[in-house]
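Each reported figure results from applying straightforward, stated rules to the coordinates on display, with no laboratory input. Owing to the predicted nature of the structure, the values given are computational and were not obtained by experimental measurement. Cβ coordinates were reconstructed from backbone atoms using ideal geometry, including for glycine residues, and neighbour counts include every protein chain displayed.
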Amino acid sequence: MSLRSPLLLAALLLLPLSFLSQHTHAATIEHDAGTLTLDKTPTRIVTLAFSFVDALAVAGVSPVGIADDGDKNRIIKSVRDLIGDWQSVGSRYQPSLEAIAALKPDLIIADSGRHHSIYQDLSLIAPTLMLQSRGITYRENLAVMQKISSAVDKSAQFKMRLKKHQKRMLDLKNQLNNSDTYQFAIVTDKGMWLHSPSSYAGSVIKELGLNSPMTKNINEPYLQTSFEQLLKTNPDWLLVGQYTENTVLDKWQKSPLWKMLSMAKSKQLIHVSASVWSLTSGMLAAEQIAQELASHLKK
Amino acid sequence: MKILSSAGHSKTLTPALLLSTLMLGFIISLYGQSEFLLQANDLWQILIAPDSQDIKQQVILLLRLPRSLVACLIGFNLGVAGLLMQGLTRNPLASPTLFAINSGAACLMALNSIGFAFFSALPSELATFLGALLGGVLVFSLGGGLRSDSNALRLILAGIAVNGLLSSLTRAALIIADDTAYSILHWLSGSLSEIDWHSWSQLWPLSLIALLLAFSTSRGLNLNALGEQTANSLGINITWLRVRVCLAVLLLTSISVTLAGPIVFVGLIAPHLARALFNNNHLVLLPASGLLGAALVCWADLLSRSIIPPAETPVGIITALIGTPFFIFLVLKGKL
């Protein structure tokens with residue numbers, strides 16, 4: 001409540017200006033399924049992707065429901081610490097419409113990449129924003145975050161936090177200043193996927209002024225990569241997030257060719273958290289990625 | 001079929017052409033479409049001036065050579081398996097896919113990947129292999145198995161039912177395992193990008209046994225082509241023939257799908273091409289269909305690397321892209 005009282009005051013002060021409208025807040029947001037007009041500030045929000053939780057945490061709003069795949073630890077700690085408890089509404093791939101409706105939300109934020117087919121159903125439950133969550137860059141994500149903050153009437157907070165964020169990123173950028181190449185990849189027992197500069201992690205690396213080992217301009221965010229292509233890409237630093245316990249790296253490391261990689265020679269293979277680097281995106285995730293990079297570089 | 005295998009074909013010209021297509025594909029796939037800009041000259045250098053520090057030579061020897069060898073042998077296996085299936089069921093639509101071997105492998109692999117129950121305790125490759133065997137045995141036993149009165153139609157119906165069951169389980173697993181879904185999906189399209197010498201050492205011994213078994217059935221299949229009753233009256237033990245053929249198909253397909261994922265249509269196209277090019281003697285058809293399969297997978301793998309370089313496109317997508325129009329052609333020509 002303490003957070004809300006200065007807002008209430010601000011709203012009261014602004015009241016004479018909005019004498020034509022009976023509502024304290026009216027937001028119109030352009031989203032991926034059209035235009036959504038909200039005539040009052042939503043308070044019970046359900047989000048169906050992790051990156052939107054980051055956006056709400058930054059705006060200082062706690063969602064009542066999250067499609068967290070039934071595991072609260074899927075939300076990264078820096079985000080979890082900023083929000084209150086929530087109800088799970090199922091998996092991101094197939095959220096439970098019943099669980100969402102039971103929470104009586106007044107705003108649903110869904111992933112336009114994943115939830116396109118249930119948009120109509122979601123709209124029947126509550127006003128629904130369709131925004132992009134996966135396969136977008138750092139800057140595109142900031143634009144999405146800004147839309148969410150204006151939907152929950154927290155544009156001012158967002159702008160303040162954004163300034164702080166930009167300063168943090170700039171500080172880290174200055175610290176990281178070097179000419180090495182950096183590559184983030186996801187590994188499983190089935191293969192390796194390089195995240196190009198058009199992926200989220202790749203674009204954060206780029207934002208920090210670090211070089212990508214990919215010479216060509218690549219629009220695909222995730223590239224499946226054989227050992228041969230890794231040898232050619234040959235990054236100075238390889239940051240890997242594992243999705244499975246055993247990965248193809250175990251096999252590749254045994255090959256005589258492994259020693260020919262720059263990062264193997266200089267021991268610059270770093271294991272990072274897949275949930276921070278790949279599963280989510282947002283200001284808090286970006287700051288964590290940047291800090292992790294800085295901490296490894298200082299060693 | 002008789003019309004297609006025109007008498008004009010020289011008995012040596014067709015096999016020679018086939019072998020050279022395969023050899024050419026094999027050699028080009030050793031150096032083609034590489035980010036290292038490998039050239040044929042690099043192959044020559046390996047022979048005349050081997051250098052263990054030269055990255056180009058090492059890439060060819062440690063990555064390209066096993067990949068090409070495995071591509072050829074898997075193609076050979078699938079070509080032979082397809083011919084066996086068609087020979088046994090006397091149905092031109094039969095292919096290893098019918099035996100639910102691919103969907104069985106996919107199902108257990110997916111369950112293993114998402115850590116479902118005890119499946120997660122098994123190594124991924126073993127789980128996949130067991131899944132392939134499970135799918136095959138299930139279809140075989142539901143389809144009449146060793147009973148003397150079982151017929152090909154029953155086998156096909158069993159195949160359709162088991163395939164449906166296993167694929168729906170795989171889909172369920174994919175929904176649960178959202179994060180790893182794309183790596184599973186990639187495998188489901190069939191890919192040779194993770195092949196190394198270890199894969200080759202797993203592949204060849206089992207393939208050799210299965211191929212010997214396959215070739216031992218060629219006389220039986222020749223007689224079976226005349227109809228089961230005729231074959232029976234000519235002294236062929238149909239049950240025993242069926243057991244050997246099914247075992248060979250099961251082994252050939254299981255080991256291939258375990259290493260490379262389901263590479264579809266090869267087992268369907270290669271036998272038809274073989275029959276069009278050669279006569280109907282299984283002693284000739286088996287190696288011919290195998291070589292055609294080998295050439296097909298080898299060239300498809302080469303193509304798969306050149307679609308969106310540097311990313312790998314699963315080879316199974318290429319074989320399906322080649323296979324589908326071919327299949328439609330067969331239907332339109334009334335060859336089925």
Tell me the Kirkwood hydrodynamic radius of the range B:183-253 in angstroms, computed as one over the mean inverse distance between distinct C-alpha pairs.
14.4 Å
Diffusion constant of chain A at 37 °C, which comes from Stokes-Einstein with the Kirkwood Cα-pair radius and 0.692 mPa s, µm²/s:
159 µm²/s
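Under 1.5 on a/c is rounded, so check that first for the range A:187-256, then, if it is not, pick prolate when a/b is larger than b/c and oblate when it is not; a ≥ b ≥ c are the square roots of the alpha carbon gyration tensor eigenvalues.
Because a/c hits 1.5 or more and a/b exceeds b/c, the range A:187-256 counts as prolate.
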State, to one decimal in nm, how far the label point of A:THR28 lies from the label point of B:GLN45, with both points 7 Å from Cα in the Cβ direction.
6.5 nm
The protein assembly as shown, dipole about Cα centre (Lys/Arg Cβ +1, Asp/Glu Cβ -1), debye to the nearest 20:
480 debye
Is the shape of the range A:17-153 rounded, prolate or oblate, going by the alpha carbon gyration tensor and its root eigenvalues a ≥ b ≥ c, with a/c under 1.5 for rounded and a/b larger than b/c for prolate?
rounded
13 Å reach of a label modelled at B:LEU13, 7 Å along Cα-to-Cβ, counting backbone N of the range B:283-316
none
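List, in the order given, every pair from A:LYS72/A:LYS104; A:LYS173/A:LYS216; A:LYS164/A:LYS267 whose Cα-Cα distance in the structure shown is over 28 Å.
Among A:LYS72/A:LYS104; A:LYS173/A:LYS216; A:LYS164/A:LYS267, the Cα-Cα distance tops 28 Å for A:LYS164/A:LYS267.
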How large is the Rg to Rh ratio of the range B:206-317 when both quantities use alpha carbon positions and Rh follows Kirkwood?
1.06
Over the protein assembly as shown, what per residue volume does the convex hull of the Cα atoms give, in whole Å³?
179 Å³
Please turn the phi angles of the range B:316-328 into ³J(HN,Hα) values with the Karplus equation 6.51 cos²θ - 1.76 cosθ + 1.60 (θ = phi - 60°), one per residue in order, whole Hz, x for glycine and proline.
x, 5, 5, 4, 5, 5, 6, x, 4, x, 4, 5, 4
Under the rule of at least 5 residues apart or a separate chain, name every residue whose amide H is placed under 5 Å from the amide H of A:HIS31.
A:LEU36
How long is the gain from B:ASN151 to B:THR239 if the chain were fully straight, where each residue apart is worth 0.36 nm and the alpha carbon distance is subtracted?
30.6 nm
Antiparallel bridges, percent of DSSP beta bridges restricted to chain A (to nearest 5)
40 percent
Summed side-chain charge close to A:LYS40 - residues other than A:LYS40 whose Cβ falls under 11 Å, Lys, Arg +1, Asp, Glu -1
-3
Bridge type composition, the range A:166-298 - antiparallel percent by DSSP, nearest 5
40 percent
Over 24 Å apart: what share of the alpha carbon pairs of the range B:13-332 falls there, rounded to a whole percent?
54 percent
Diffusion coefficient in µm²/s returned for the range A:166-298 by Stokes-Einstein, Kirkwood Rh over C-alpha pairs, 4 °C and 1.567 mPa s, is 87 µm²/s
Only helices counted: for chain B, with every DSSP H run of 4 or more residues adding -39500 (n - 2.57) and the sum spread over all residues, [θ] at 222 nm is -23000 deg cm²/dmol
Hey, if you drop one equal point scatterer on each alpha-carbon of the range B:33-90 and run the Debye formula without solvent, what base-10 log of I(q)/I(0) do you get at q = 0.14, 0.15, 0.16 Å⁻¹?
-0.53, -0.56, -0.60
